[in-house]
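The values are calculated or read from the model by the stated rules, or taken from the named source; none is laboratory data. Note that this is a predicted model, so its numbers are computed, not measured. Glycine also receives a Cβ, built like all others from the backbone with ideal geometry; neighbour counts cover every protein chain displayed. Note: accessible area is taken over every heavy atom of the protein model, side chains too, but ligands, DNA and RNA are not part of it. Shrake-Rupley method; radii C 1.70, N 1.55, O 1.52, S 1.80 Å.
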Amino acid sequence: MTESVFLAGDENWWRQAVVYQVYPRSFKDSNGDGLGDVKGITSKVDYIAELGVDAIWLSPFYPSALADGGYDVADYRDVDPKLGTLADFDDMIQAYHAKGIRVFADVVPNHSSDLHVWFQEALAAEPGSAARDRYIFRDGKGAHGELPPNDWPSHFGPTSWTRTTTADGTPGQWYLHLFAPEQPDFNWDNPEVIEDFKKTLRFWSDRGVDGFRIDVAHALKKDMSEPYPTIVDYDPKHIPLDGSHHLFDREELVEVYRGWREIFNSYNPPRVAVAEAWVPAERRYRYASPETLGQSFNFDLLAAPWSAKKFKKTIEFNLKLSEKSGSSSTWVLSNHDVVRHASRYGLPKKTNYDKWLVTDGTSPELDRELGLSRARAATMLLLALPGSTYMYQGEELGLFEVADLPGEVLQDPIWLRDGKTRKGRDGCRVPLPWEKTGSSFGFGSASAHLPQPSWFAGFSVEFEEVQEDSTLKLYRAALALRKQLLSTETLEWVTSPRKVVHFKRANGWHNITNFGKKPVALPEGTVQLTSAPLVDGKLPGNATAWITV
Ligand code: GLC
Ligand code: CA
């Protein structure tokens, strides 16, 4: 077991950290079975160190049947044998810690896999038993219980209830799953559930894990009393601000996270956490407070269109929110759940990404050059902001969404559970191209578990290593500069033309992003880095410059 004692000391390391998200199954395959694995992550420690991030966050690596890419966890305190062993995990942590890089694990507390021993026990047990009480089982409606308890939809498909079959083959009770049927929701009023997650947090903290990303952190506590309210969708806009929603962001949820905080604070340095909570922005502070999880994702820039006005407003608003919570803000442009930002920015403003994916990314047509210029500019802007940045594997290569994956290879439950009408998220989960050639562009010796397109060759690490203006080189340079230039968690706006976002940090570090088309003049100072070459000394459209004055 490893202790991160040598990383002790700075309790505030997370406040302005850059965290790189690894999607383990698609990062690096060490044994040629087509699936990324833990040894693969270890083998890339030098790459990550050279990139210059402070931490990595690993999406779930636990035993899983992969009904939802690993977010269906069969055992919270083990490594998926397909990905390695606990010993491999210990080696991985040690390798990253040796380079001063922290490691986050992903905790999935709202639901387990249907293969979790508790759920299997629950299925075998009687209605009303203690085993069933760890999940949310209910009798069906109708004369013979043939109708679901209510008509709530799931995130992935038409219903959040699935009926069980009893040992003698007759239909039994129904259970709640806000996601896939293979992801039964826990009953967070059950003390055993509460205790078991504390055990999990200690288990990984004892193994040296520095932080946790908390999946669907706003769910967990539910009011399952009847009459059931009508719920048409899960849009955060429909979550009231008073904690009265039956499924999300309930007042009493904070108690759970206060309990977790006690565990985090029993370590040195305290373990940290970041909530994935799809709640109205005004409620984010409940998750981000130092008494609870400490940070909560702010997905507002990810959701914002390419507009100086929208970016500026979003930044101002979120800096105020982080002040209110006592936390630092968290900036995100891409993750494993959304269309990659190099593609989003190359599509017309109001594009419906679900529909775009259904056309294999042909309609509307993607403007790759525009998308990549904006993506590079946006990333630099993000890295200049006070607070922490979360980036997603492959964005440092400027990868686009793989929008033309054929239906037969798709793995996402969104595709499989919703009548194959929405392709879902596999297009951003295609394994990374490490080399220009080979059966899987250096991902492994076999072909990858999701097919890689031929254009990956020109976005491979090997290719970008030797290209002076590659996106990889830009990320490395920006991350190195950020380390030097970082200061207090404040910014000051500088008056600028309408389509420009210009702010400076306390130590004279200016960020100028040109959202328009026309080149703009830069202030006097030393140009440290630009996302695109200057044109006659001016900053071109869709570009960012960092200047020190
Ligand atoms: C989160 C994850 C997503 C997963 C869902 C259910 O939103 O980011 O990938 O499908 O939770 O666990
Ligand atoms: Ca493998």
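Pull up all non-local amide H partners of GLN21: gap of 5 or more, or a different chain, and H-to-H distance under 5 Å with H placed in the peptide plane.
Here the answer is TRP57, MET391, TYR392, GLN393, since their amide H atoms fall under 5 Å of that of GLN21.
First compute the accessible area of the chain with a 1.4 Å probe, then give the percent of it belonging to carbon and sulfur atoms.
Carbon and sulfur: 53 percent of the exposed surface of the chain.
Give me, ordered by chain and number, the residues 5 or more places off ARG213 or on other chains with an amide H under 5 Å from its own placed amide H.
The answer is ALA105, ASP106, VAL107, VAL274.
DSSP beta bridges in the chain, what fraction antiparallel, as a percent rounded to 5?
Of those bridges, close to 50 percent are antiparallel.
Computed on alpha carbon atoms, what radius of gyration and Dmax characterise segment 488-548, expressed in Å?
Just the Cα atoms of segment 488-548 yield Rg and Dmax of 10.9, 34 Å.
Taking the alpha-carbon centroid of each part, what is the distance from segment 202-260 to segment 494-540 in angstrom?
Between the Cα centres of segment 202-260 and segment 494-540 lies a distance of 41 Å.
Which whole number in µm²/s is D for segment 438-520 by Stokes-Einstein, with the Kirkwood Rh taken over Cα pairs at 37 °C and 0.692 mPa s?
201
Just the ratio, please: alpha-carbon radius of gyration of segment 117-176 over 2.2 N^0.38 Å, N its number of residues.
It is 1.10.
How much length would be gained if the chain were fully extended between TRP455 and ALA130, taking 0.36 nm per residue of separation minus their Cα-Cα distance, in nm to one decimal?
Value of the extension gain: 111.6 nm.
Take the cross-link list LYS309/LYS349; LYS309/LYS504; LYS312/LYS517; LYS350/LYS473 and give me the ones stretching past 22 Å between alpha-carbons.
Pairs exceeding 22 Å: LYS350/LYS473.
Per Stokes-Einstein, at 20 °C and 1.002 mPa s, what whole-number D in µm² s⁻¹ belongs to segment 1-152, with the Kirkwood radius over Cα pairs as the hydrodynamic radius?
For these conditions, the coefficient is 120 µm²/s.
Straight distance only, please: which lysines reach the Cα of LYS39 with their own Cα at less than 19 Å, same-chain residues fewer than 8 apart left out?
LYS28, LYS82, LYS99
Taking θ = phi - 60°, what integer Hz values does the Karplus form 6.51 cos²θ - 1.76 cosθ + 1.60 yield along segment 182-191, in sequence order, with x for Gly and Pro?
7, 10, x, 6, 6, 9, 7, 8, 8, x
Any idea what the alpha-carbon Rg over 2.2 N^0.38 Å comes to for the chain?
0.97
Out of segment 364-420, which trypsin sites (Lys or Arg not before Pro) are coil in DSSP terms and have no more than 13 other C-beta atoms within 10 Å?
Within segment 364-420, the qualifying trypsin sites (Lys or Arg not before Pro) (loop, at most 13 other Cβ atoms within 10 Å) are LYS420.
For SER244 and TYR228 in the same chain, what is the full-extension length gain: residue separation times 0.36 nm, less their Cα-Cα distance, in nm?
Once the chain is fully extended between SER244 and TYR228, it gains 4.5 nm.
What ³J(HN,Hα) values, in whole Hz, does the Karplus curve 6.51 cos²θ - 1.76 cosθ + 1.60 give for segment 143-155 when θ = phi - 60°, with x put for Gly and Pro?
Karplus values, whole Hz, x for Gly and Pro: 4, 10, x, 7, 9, x, x, 7, 9, 5, x, 9, 4.
Stokes-Einstein at 25 °C, 0.890 mPa s, Kirkwood radius from Cα pairs: D for segment 206-299 in µm² s⁻¹?
176
Show me, for segment 440-449, the HN-Hα J-couplings you get by feeding each phi into the Karplus relation (A = 6.51, B = -1.76, C = 1.60, θ = phi - 60°), rounded to Hz, glycine and proline as x.
Couplings: 9, 6, x, 5, x, 8, 9, 6, 6, 5 Hz.
Within straight cross-link reach of LYS423, meaning Cα distance under 15 Å, which aspartates and glutamates are found once same-chain residues fewer than 8 apart are removed?
Straight-distance partners of LYS423: ASP68, ASP337, ASP354, ASP360, GLU401, ASP404, GLU408, ASP412.
Taking the Cα atoms of segment 172-330 alone, what are Rg (to one decimal) and Dmax (as a whole number) in Å?
16.9, 56
For segment 290-402, just list the percent of Cα-Cα distances falling in each 10 Å bin from zero outward, please.
Distribution as computed: 13, 44, 30, 11, 2 percent.
Quick check: the distance between the Cα centres of segment 447-478 and segment 47-124, to the nearest angstrom?
Distance between centres, Cα-based: 26 Å.
Non-local amide H neighbours of GLN295 (under 5 Å, H modeled in plane, Pro and chain starts lacking H): which ones?
Here the answer is ALA273, ALA275, since their amide H atoms fall under 5 Å of that of GLN295.
Identify all aspartates and glutamates with a Cα-Cα distance to LYS199 below 16 Å; exclude those on the same chain that are fewer than 8 residues away in sequence.
Once the sequence-local aspartates and glutamates are set aside, what remains near LYS199 is ASP75, ASP78, ASP106, ASP210, GLU262.
Any chance you could list P(r) for segment 118-246, counting all Cα-Cα pairs in 10 angstrom bins from zero, rounded to whole %?
In order of increasing distance, the bins hold 11, 38, 34, 15, 3, 0 percent.
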